[in-house]
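Have a look at the structure below, then the notes.
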Amino acid sequence: MKIQTRTAPSSLGEITLYTLTNASGASVTLSSLGAGIVAVNVPDRDGRLADVALGYKDPASYIADGPCAGKIPGRFANRIALGHFTLDGKEYSLAINNGPNALHGGPTGFMNRIWDSSAEGCSVTFTYTSADGEEGYPGKLSVTARYTWSDDNELSLHITAESDAATVVNLTNHAYFNLDGENSGTVLDQELKLKASSYLPTDDTQIPTGEIAPVAGTPMDFTEFKAIGRDINADFHPLKVGKGYDHCWVIDGYRKGVLQEVAELRSSKSGRALVISTTQPGMQVYTGNWLAGCPESISGGAYSDYDGVAIECQGFPDAPNKPSFPSSVLRPGEKYDEIIKFKFNTL
């Protein structure tokens, strides 16, 4: 494995970028800003490399970008209703940054901070310590995100965290993928399959109602391969609310700590496929419904809505306010320990 390191200036300080290139020439580029995935260059069916992860030309453009492209949002990814939750009898108030709700840990969150970083072998390790009270969350939280790139084109992300006081944690990666290449236009013709026979309906502000609803007979059904765009314009309330897919699917057969394949994305055009595995209970599928207007792309162009899809393996949104959902509470002496794997293949 070859690792190249470079730096880039930003208003937050120096950003470190790592490019890991495996024996076949496929590579990933990772950034210390938000512990993010900047680029993933993998072959198509004819062996031609292309970057399949949406990203920006300027490494500093990831600061406060609307799409949260490629980064790790936190302390709590996704939404918390009205920016409030109660833990052990004490109420906590968070910044409101998504309609009436809190999103991705707050306006700064983990995604807009420069993490400490180091590279060794085929891995890059990012660490960040979130102070007690940061963004309104209790407890000093120490987080480690370790990416490993393999010779068979698998990018593994192992996220761990520990806190000195009871808190809530939900961590994921927010990469957007387009298997035809990040500059190839819409992702709506690509096919998606999810190991999920149910999803979480939401209210009009995209907060889960608490219900777990079957996908059968609805546009939310991806239990068999289906073009992402086939039903995206259906007259169906969840799709109207989000201007496309932006919901959490409930992973079938979830068992805490058990890694399983949960999603597959494939393109008949390029012949590329992506298999995602995780230990998490849910996955938020977001079809890039508001990508237009984001910073200049890594290839020097402009992204449009639906040019990429994010499949964010995570805990359930608003879990701190939904006792029936898998718990997001982390207590002293416990360890948050989750894995997400992105395996790139060809058809």
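Please verify whether Tyr245 is closer than 26 Å to Ala50 by Cα and surrounded by 17 or more Cβ atoms within 10 Å (Cβ to Cβ), treating the condition exactly as stated.
Considered against the rule, which asks whether it is closer than 26 Å to Ala50 by Cα and surrounded by 17 or more Cβ atoms within 10 Å (Cβ to Cβ), Tyr245 comes out as yes.
Got a sec? Which of Leu259, Leu274, Leu200 is of a type in the set (A, V, I, L, M, F, W, C), modelled with pLDDT of 95 or more and either open to solvent by 40 Å² or more (accessible area, probe 1.4 Å) or more than 19 Å from the chain's Cα centre (by Cα) (or both)?
The unique qualifying residue is Leu259.
Is it the case that segment 336-347 has a residue that's open to solvent by 20 Å² or more (accessible area, probe 1.4 Å), more than 22 Å from Leu171 (Cα to Cα) and assigned to a strand (DSSP E or B)?
yes
Output the number of the condition that Asn183 fails; it satisfies all remaining conditions of (1) outside any loop (DSSP other than H, G, I, E, B); (2) open to solvent by 10 Å² or more (accessible area, probe 1.4 Å).
With (1) outside any loop (DSSP other than H, G, I, E, B); (2) open to solvent by 10 Å² or more (accessible area, probe 1.4 Å) applied to Asn183, the lone miss is (1).
For segment 130-145, check the following and say yes or no: at least one residue is closer than 26 Å to Glu264 by Cβ, in contact with an Asp or Glu (Cβ under 6 Å, 6 or more places away or on another chain), in a loop (DSSP other than H, G, I, E, B) and of a type in the set (D, E, K, R).
no
Tell me the residue from Ala77, Ala23, Ala81 that is more than 17 Å from Cys294 (Cα to Cα), of a type outside the set (Lys, Arg), touching a residue at least 60 places away in the same chain (Cβ under 8 Å) and surrounded by fewer than 19 Cβ atoms within 10 Å (Cβ to Cβ), please.
None of the other options fit; the residue is Ala23.
May I ask you to say which residue of Gly229, Gly210, Gly288, Gly253 is in contact (Cβ under 8 Å) with a residue 12 or more places away in the chain, in a loop (DSSP other than H, G, I, E, B) and under 19 Å from Glu338 (Cα atoms)?
None of the other options fit; the residue is Gly253.
Quick one: Thr125 ticks every box in (1) within 16 Å of the chain's Cα centre (by Cα); (2) not in a loop (DSSP other than H, G, I, E, B) bar one, so which box is it?
So Thr125 meets the others, but not (1).
Which of (1) closer than 20 Å to Ala69 by Cα; (2) open to solvent by 10 Å² or more (accessible area, probe 1.4 Å) does Gly333 not meet, given it meets every other one?
(1)
Can you run down the residue pairs with Cβ atoms below 6 Å, 6 or more apart or on separate chains, where the first is in segment 1-19 and open to solvent by less than 50 Å² (accessible area, probe 1.4 Å) and the partner is among the basic types (Lys, Arg)?
Pairs that qualify, where the first residue is open to solvent by less than 50 Å² (accessible area, probe 1.4 Å) and the partner is among the basic types (Lys, Arg), are Leu17/Arg6.
So is Ser117 surrounded by fewer than 16 Cβ atoms within 10 Å (Cβ to Cβ) and either among the hydroxyl-bearing types (Ser, Thr, Tyr) or under 14 Å from the mean Cα position of the chain (by Cα) (or both) or not?
no
Does Lys193 fit the bill of being more than 24 Å from Leu103 (Cα to Cα) and open to solvent by 40 Å² or more (accessible area, probe 1.4 Å)?
It is true that Lys193 is more than 24 Å from Leu103 (Cα to Cα) and open to solvent by 40 Å² or more (accessible area, probe 1.4 Å).
Applying the selection to segment 39-55, what residues are under 20 Å from Asp307 (Cα atoms), open to solvent by 10 Å² or more (accessible area, probe 1.4 Å) and in contact (Cβ under 8 Å) with a residue 24 or more places away in the chain?
Result: Pro43, Asp44, Leu49, Ala50, Asp51.
The values are calculated or read from the model by the stated rules, or taken from the named source; none is laboratory data. Please read these numbers as outputs of a predicted model, since none were measured by experiment. Glycine gets a Cβ as well: all are built from the backbone with ideal geometry, and neighbour counts include every protein chain shown. Heads up: the accessible areas ignore ligands, DNA and RNA and are worked out on the full protein's heavy atoms, side chains in. Shrake-Rupley method; radii C 1.70, N 1.55, O 1.52, S 1.80 Å.
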